[in-house]
Amino acid sequence: MIAEEVSKISGENPFACFQCGDCTGSCPVSFAMDYGPRRMIHLIQLNLEEEVLKANTHWLCASCYNCTYRCPRNISFTRISYALRNISVKRGIYPNKTTKIFYEIFLDHMLKYGRFNEGIFVREFVAKGGKGLKELLRDINLGLKLWKKGKIPKDVDKIDKLDQIKKIYEACVKEEKEDKQ
Ligand code: SF4
Ligand code: SF4
């Protein structure tokens with residue numbers, strides 16, 4: 001049951017939600033979500049697993065914590081979003097192929113550089129089929145504007161102490177394996 005799984009991973013109780021809608025009202029990206037946080041929690045309460053996991057909501061969550069700070073029932077939808085991403089990855093369920101490609105590259109960058117590198121991301125995203133030529137041409141002006149403002153680094157940027165990121169990742173993978181046993 002999705003509600004039980006979400007509770008176990010996130011430590012949150014979706015059944016405590018009384019559907020006031022403060023979370024959705026505070027969310028800066030709810031306009032682009034298939035279901036805003038309030039509706040997602042309702043779907044979780046109803047154990048409508050397929051609707052929940054196929055939604056783009058948890059992938060669009062920007063981790064701003066507005067919903068968490070404003071919830072009168074002390075529920076963190078941010079943590080619920082993380083749990084949903086975790087479950088989606090385990091089941092291989094994504095709202096579309098670009099989401100999957102984006103997060104695969106994101107993880108790869110975290111392990112190789114310790115941070116996301118926008119400059120090489122575009123090249124890798126296109127190579128993996130995340131963007132077609134039409135979409136690339138549509139976004140080219142925005143890319144040029146960002147590049148002119150120095151928002152797209154030319155060099156690959158690595159953090160110091162990258163080994164610590166790798167250790168955190170390996171500890172998570174280990175914990176995940178132990179959970180399965
Ligand atoms: S703010 Fe809290 S109680 Fe209100 S709908 Fe969102 S999760 Fe439920
Ligand atoms: S943490 Fe995510 S779901 Fe919550 S308000 Fe921010 S973007 Fe929206």
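Bear in mind that the values in this text are calculations on the coordinates, not laboratory data. Because the structure is a prediction, the values reported are computed rather than measured. Please note: Cβ atoms are built from the backbone with ideal geometry, for glycine as well, and neighbour counts cover all protein chains shown.
Some observations on this one:
- Partners for residue 161 among lysines (Cα-Cα distance below 27 Å; same-chain residues under 8 apart left out): 112, 151, 174, 177
- Value of [θ]222 nm, deg cm²/dmol, for the chain, DSSP H segments ≥ 4, -39500 (n - 2.57) each, nearest 500: -19000 deg cm²/dmol
- Total formal charge among the other residues, if their Cβ is under 9 angstrom from that of residue 105, Lys/Arg +1 and Asp/Glu -1: -2
- Within a Gaussian network of the chain (alpha carbon springs, distance under 10 Å), most fluctuating of 45, 164, 19: 164
- Exposure proxy ranking, count of Cβ atoms within 10 Å, fewest first, for 122, 173: 173, 122
- Checking Cβ-Cβ separations below 4.7 Å across the chain identifies 17, 20, 27, 61, 64, 71, 172 as cysteines lacking any candidate disulfide partner.
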